1. Go through (1) assigned by TED's automatic domain parsing to the domain that holds residue 102; (2) surrounded by 11 or more Cβ atoms within 10 Å (Cβ to Cβ); (3) in a helix (DSSP H, G or I); (4) at pLDDT 90 or above for residue 20 and report which single condition fails.
2. State yes or no: is residue 14 over 30 Å from residue 87 (Cα atoms), surrounded by 13 or more Cβ atoms within 10 Å (Cβ to Cβ) and without any contact (Cβ under 8 Å) to a residue 60 or more places away in the chain?
3. Would you check if there is a residue in region 46-64 being in contact with a helix residue (DSSP H, G or I) (Cβ under 9 Å, 6 or more places away or on another chain), assigned to a loop (DSSP other than H, G, I, E, B) and either under 30 Å from residue 88 (Cα atoms) or in the same structural domain as residue 90 (by TED's automatic domain parsing) (or both)?
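The values are calculated or read from the model by the stated rules, or taken from the named source; none is laboratory data. Note that the structure is predicted; figures quoted are calculated from it, not measured. Methodologically, a virtual Cβ is constructed for each residue, glycine included, from the backbone with ideal geometry; neighbour enumeration extends over all protein chains shown.
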């Protein structure tokens, strides 16, 4: 048995549009779920960024492993290969910093 109760929320058309835009940004299509989560927790974090960081970490890890195999077999490693990995790691670092900043703001930290 569902013991949930209804709450009526009236907003202006402009506010409704702003809510819908924020829902879209957060990747949420259910307005009730969005409003309930925002009311209870104050914020929603889009987890797609974390998925992207995970994908990039796998990619960088594979590249590092390939370079390690090359080094152990006595093959030369080019500066281009090293630079590519450096760029990947810096990009991952920037994404992690961005996620950390967003989480801090969600928790009211500065």
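1. Failed condition: (1).
2. no
3. Within region 46-64, one or more residues are in contact with a helix residue (DSSP H, G or I) (Cβ under 9 Å, 6 or more places away or on another chain), assigned to a loop (DSSP other than H, G, I, E, B) and either under 30 Å from residue 88 (Cα atoms) or in the same structural domain as residue 90 (by TED's automatic domain parsing) (or both).
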